[in-house]
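What follows is a short report on a single structure.
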Amino acid sequence: MNQKMLTPVVQAYISKHINADVSKVALAKAVFEGISAAELAGQISAKKKSMHKLPTWYNHEFIYYPPLLSIEQCSSEITACYKANLAIGETLIDLTAGFGVDSYFFAKKIKTVLSCEINTDLSMIAAQNAQVLGAHNIACHSVNGIEVLRTNTLKIDTIYIDPARRSGSAKVFKLKDCTPDVSEHLPLFLEKASRIIIKTAPLLDISAGLEELQNVSEIHIVSVKNECKELLWVIDKNFVGEPKIVCAAINEHIKIFSFELRALQTSISFADDLPSGYLYEPDVALLKSGAFNLIAQQFNLQKLQQHSQLYFSQERNFDFLGRIFEIQSLHSLNELKKEKNLVGNVIVRNFPEKAETLAKKYKIQPSHDDFIIFTQTVHGNLVIKAKIIQHY
């Protein structure tokens with residue numbers, strides 16, 4: 001961490017050149033004594049990346065940024081704020097703090113936050129920024145969080161951990177593919193705290209996670225603008241019973257759909273009628289949950305077909321997590337071939353061809369509000385023309 005980066009003149013330069021070509025900045029002659037051109041370019045890149053992901057950091061002066069990779073891997077403000085509401089008690093330990101985004105938002109809810117990060121530079125940066133942001137109840141430690149937990153006698157109410165993908169693992173489907181291995185250390189966690197919150201990548205298989213863990217009270221599936229961002233596993237020391245699945249779709253507002261795991265066994269019959277009225281397309285958080293039949297039951301919708309994951313109703317329900325379209329007309333593929341000047345954004349759901357292939361095949365021009373949806377009903381292929389009335 002280069003303290004010279006935090007002088008007013010350097011900070012002013014970074015802000016002024018936020019839209020500069022950082023490759024040119026990195027190759028140019030050093031502007032400031034004691035600061036390399038590459039360091040300066042790195043700060044500009046990381047700050048620019050934070051503009052939308054971390055606006056609190058971006059809009060404060062004298063923030064020191066880590067390497068760009070740390071910004072890309074850390075939680076966004078939106079998701080960090082959401083998970084902060086899951087913490088309980090007065091003391092929390094963040095075992096894998098990184099850049100400190102999650103620790104900062106936990107500190108808004110919890111009296112004392114112990115922020116542990118094994119990377120010394122990252123820990124120093126997090127400590128510097130916590131002071132700048134006024135989060136004086138965060139204590140940053142450049143240590144192995146697991147070891148701190150083993151030796152610390154302080155009463156801990158909540159443990160938070162964000163295990164990293166193990167080197168060599170291309171994709172993570174199980175907790176054992178992460179480091180530290182949460183399942184290995186779970187007895188220690190349960191001994192030390194009342195609640196454990198584990199953040200994992202959205203690809204992690206929920207059934208596999210439940211096999212590896214115990215005392216899981218809640219699983220939160222968090223999406224932002226229809227992109228699944230993370231799974232949050234809430235483990236309570238004394239919990240016994242069925243875990244609750246919470247689908248949280250974050251857009252302009254947060255919409256929540258929750259249910260107990262056993263509700264996944266809900267059975268429904270599929271619509272025999274052709275769709276009419278309004279078409280419902282679930283948010284990815286709902287799809288990740290696997291509650292395909294429960295969606296129909298809870299929102300009073302009819303499902304087109306077992307694998308299509310599209311629904312319809314004569315009523316509009318804006319509490320629905322996902323997009324809603326007003327159905328304009330229905331067509332067979334043969335009917336569509338005869339049409340000219342087709343306009344609409346192409347969506348494919350349970351259909352054998354890709355959207356871009358169909359757009360080219362039928363010469364469909366893009367549109368802002370109009371959609372052409374290729375899917376299947378119980379009767380076979382169907383093309384639905386529709387107008388969007390609710391975005392994600």
Would you confirm whether any residue within the stretch 10-23 is touching a residue at least 40 places away in the same chain (Cβ under 8 Å), at negative phi and under 25 Å from the mean Cα position of the chain (by Cα)? no
If we keep just the residues of the stretch 374-386 that are part of a strand (DSSP E or B) and out of contact with any Leu (no Cβ under 7 Å at 6 or more places or on another chain), which is farthest from S269 (Cα to Cα)? K385
Given the criteria over 25 Å from H331 (Cβ atoms), touching a Gly at 6+ places or on another chain (Cβ under 8 Å) and at pLDDT 95 or above, does A249 qualify? yes
Just the residues that are of a type in the set (A, V, I, L, M, F, W, C), without any contact (Cβ under 8 Å) to a residue 60 or more places away in the chain and either crowded, with 23+ Cβ neighbours inside 10 Å or farther than 14 Å from A285 by Cβ (or both), please, taken from the stretch 220-239. W233, I235, F239
How about the stretch 96-175: which helices (runs of 4 or more DSSP H) wholly inside it have at least 1 residues that are in contact with a helix residue (DSSP H, G or I) (Cβ under 8 Å, 6 or more places away or on another chain) and either without any contact (Cβ under 8 Å) to a residue 12 or more places away in the chain or over 23 Å from E72 (Cα atoms) (or both)? 145-151
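Kindly establish whether G290 is outside the structural domain of S217 (by TED's automatic domain parsing) and farther than 23 Å from A386 by Cα.
yes
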Please enumerate the residues belonging to the stretch 288-334 that are farther than 30 Å from L204 by Cβ and among the β-branched types (V, I, T). I327
Please find, among I44, I71, the residue that is under 30 Å from I146 (Cβ atoms) and either under 26 Å from the mean Cα position of the chain (by Cα) or in a helix (DSSP H, G or I) (or both). I71
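The values are calculated or read from the model by the stated rules, or taken from the named source; none is laboratory data. Every value quoted in this text rests on a predicted model; they were computed, and no experiment measured them. For neighbour counting, all protein chains shown are included, and Cβ atoms are generated from backbone atoms with ideal geometry for every residue, glycine included.
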